[in-house]
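Where a number appears in this text, it was derived from the coordinates with a stated rule and is not lab data. Bear in mind the structure is a predicted one, so any value in this text is a computation, not a measurement.
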Amino acid sequence: MRFGILGPLDIRTDDGVPVDPGGPRPRALLTLLLLAAGRTVTTEHLTDGLYGSQPPAGAANALQSQISRLRRRLGPHAPIEAVPAGYRLTVPPDAVDAHRFARLAAQGRTALAA
């Protein structure tokens, strides 16, 4: 899968078929996970990102429900792992345009400095 977060959220299978992650909350949740592609995002950070500084009662259950829905929409191509501290989206950083851009920009700076 390929993920675009530099601009409107864009998700495509390797064949280029668009994938709809759902409404605003699943989109925000996915974006938070994509910003940390391959790394753990704490439950606290995800809850804060979805609900702000005053999460509703039952926010932990709501987060689990959002994760479950997002897993169904993404399927096996972008597994979301539950880890002790939170969740991790197991995709390579290069599958996310922002991470790919940062890597290529760093390579360009290195080449210019040489």
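Note the per residue figure in Å³ for the convex hull of the C-alpha positions in the chain.
Convex hull of Cα atoms, per residue: 122 Å³.
Hey, what did the range 2-113 get for relative contact order, percent, Cα under 8 Å, at least 6 apart?
Relative contact order, the range 2-113: 32 percent.
Could you run the Karplus curve 6.51 cos²θ - 1.76 cosθ + 1.60 with θ = phi - 60° over the range 48-64 and give me ³J(HN,Hα) per residue in whole Hz, x for Gly and Pro?
5, x, 8, 10, x, 6, 10, x, x, 4, x, 4, 5, 5, 5, 4, 4
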